[in-house]
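Following: one structure in structure tokens, then a few remarks.
Here, each number is a calculation from the coordinates, and none is a lab measurement. These numbers were taken from a predicted model, which means no experiment stands behind them. Cβ placement follows ideal geometry from the backbone for every residue including glycine, while neighbour counts extend to all protein chains displayed.
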Amino acid sequence: MEKMCIKGMNQAELQSLCVKAGESKFRGVQLFEWMYRHGIASFDSMLNVNKSFRKHLEEHFIIQTLQVENRIQSKEDKSVKILFRTRDNHFIETVSMVYGDRHTVCLSSQSGCALDCSFCATGQGGFERNLSTGEIIDQLIFVRGNIDQSVTNVVFMGMGEPFCNYKNVLNAADIFHSPKGFNLASTRITISTVGLLPQIKQFITEKRRFKLAISLNAADDRVRNNIMPVNKKWSIAELIKAGKEYSNQKKRQVMFEYVLLKGINDSENDALQLAQLLQGIPCKLNLIPYNETDGIYQRPDEAVITRFSKILHENRDEYRVMVRWSKGQDIDAGCGQLAGQTV
Ligand code: SAH
């Protein structure tokens with residue numbers, strides 16, 4: 001019989017597993033704490049669990065979902081990129097970014113991606129599969145245990161589209177948030193989506209208030225259709241409306257991301273159109289200068305980036321604007337550069 005994976009189960013599932021095996025419900029809480037608060041990787045380390053139950057667990061479950069294949073340290077900043085291999089030989093990447101007191105971990109939600117955005121390296125390699133809740137959590141456990149600064153923020157901005165793997169991503173986020181797990185406030189967990197409208201609507205109804213980021217990347221549907229095929233399904237106007245609904249309902253500002261591509265979406269007119277779209281929306285706008293992937297696109301000159309951001313500053317009312325310079329450029333760890341390559 002193939003062993004099931006225990007990592008990723010929530011407290012209720014662990015409790016029911018324990019009760020079925022003739023143990024007390026409280027054992028489930030202990031398993032939860034061992035796995036997520038302490039990040040242990042073997043049943044033998046669960047010291048307050050009796051030996052016979054540990055043996056039972058060992059026989060029926062696996063606990064470790066990922067193996068580290070490579071770890072690259074940036075020479076320019078404190079970013080580290082980690083390449084993992086899943087048990088069925090898929091590759092995923094995770095990035096740790098330390099900046100002052102802030103330690104942000106960028107997690108992957110899928111191996112590969114099916115969305116095919118023309119500027120993103122992950123999409124070029126095609127889609128492999130969704131990651132399990134355990135595989136998402138193991139990325140964070142590794143970073144927490146191997147990088148010498150407390151994790152303060154988690155962003156689902158690595159490989160994949162988190163809302164194509166909705167249930168597992170939300171389950172992992174719940175465990176990150178749990179005081180007995182990773183104890184991260186919901187404001188410190190951000191899920192970034194390409195703009196899947198049904199899932200955004202679903203997300204607004206969830207009781208948890210994790211942060212939402214929407215990758216807008218264009219102010220005009222014609223441009224967005226060209227660079228993000230998903231736009232043919234859900235248009236810019238629909239995404240802006242859903243973002244506004246999120247901000248209003250959750251009393252939390254939605255974030256819009258906008259990758260700046262030279263000659264494609266970086267003109268003065270684009271900036272004015274974008275400012276117009278965001279009027280009256282309580283939101284944050286993150287401008288991301290394009291990170292090189294395969295040479296089709298280029299990053300705009302610094303003066304163009306400054307002019308674009310200035311126009312948005314001048315025209316803003318309720319939104320805030322920030323330019324996000326990706327970290328770890330020298331190790332291809334920036335937004336859109338994660339390809340899960342072994343060499
Ligand atoms: N699929 C999700 C999360 C992954 S991408 C999403 O689309 O939001 C995280 C962010 O990086 C997105 O805003 C995306 O538009 C941006 N991005 C992708 N490729 C990029 C590149 N080459 N340079 C800069 N940003 C990029």
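Below are the figures for this structure:
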{"item": "Highest to lowest packing among 253-260, 83-90, scored as the average C-beta count within 10 Å", "result": "253-260, 83-90"}
{"item": "Estimated FRET transfer efficiency when R0 is 25 angstrom, pair Ser42-Ala12 (beta carbons, to 0.05)", "result": "0.60"}
{"item": "Nearest 10 degrees, 0 to 90: helix 302-314 Cα axis against the chain principal axis", "result": "90 degrees"}
{"item": "Computed label-point distance, nm, for sites Asn226 and Thr187 using a 7 Å Cα→Cβ extension", "result": "4.0 nm"}
{"item": "Neighbour cut-off at most 15 other Cβ (10 Å), DSSP loop, chymotrypsin sites (Phe, Trp or Tyr not before Pro), region 271-343", "result": "Trp325"}
{"item": "Helix-derived mean residue ellipticity, 222 nm - over the chain, DSSP H n ≥ 4, -39500 (n - 2.57), to 500", "result": "-10000 deg cm²/dmol"}
{"item": "Label-point separation in nm, Lys3 to Arg129, each point 7 Å along Cα→Cβ", "result": "1.7 nm"}
{"item": "Extension gain from Gln341 to Leu272, taking 0.36 nm per residue of separation minus the Cα-Cα distance", "result": "21.0 nm"}
{"item": "Alpha-carbon centroids, region 71-103 and region 138-153: separation in whole Å", "result": "10 Å"}
{"item": "Separation in nanometres of the label points that stand 7 Å from Cα toward Cβ, at Ser118 and Ser52", "result": "6.6 nm"}
{"item": "DSSP beta bridges in the chain [antiparallel fraction, %, rounded to 5]", "result": "45 percent"}
{"item": "Net lengthening on full extension, Val68/Asn315 (0.36 nm per residue, minus Cα-Cα)", "result": "84.3 nm"}
{"item": "Within region 147-202, chymotrypsin sites (Phe, Trp or Tyr not before Pro) in DSSP loop having at most 12 other beta-carbon neighbours inside 10 Å", "result": "none"}
{"item": "Cβ-Cβ FRET estimate between Lys75 and Thr306, R0 fixed at 30 Å, reported to 0.05", "result": "0.70"}
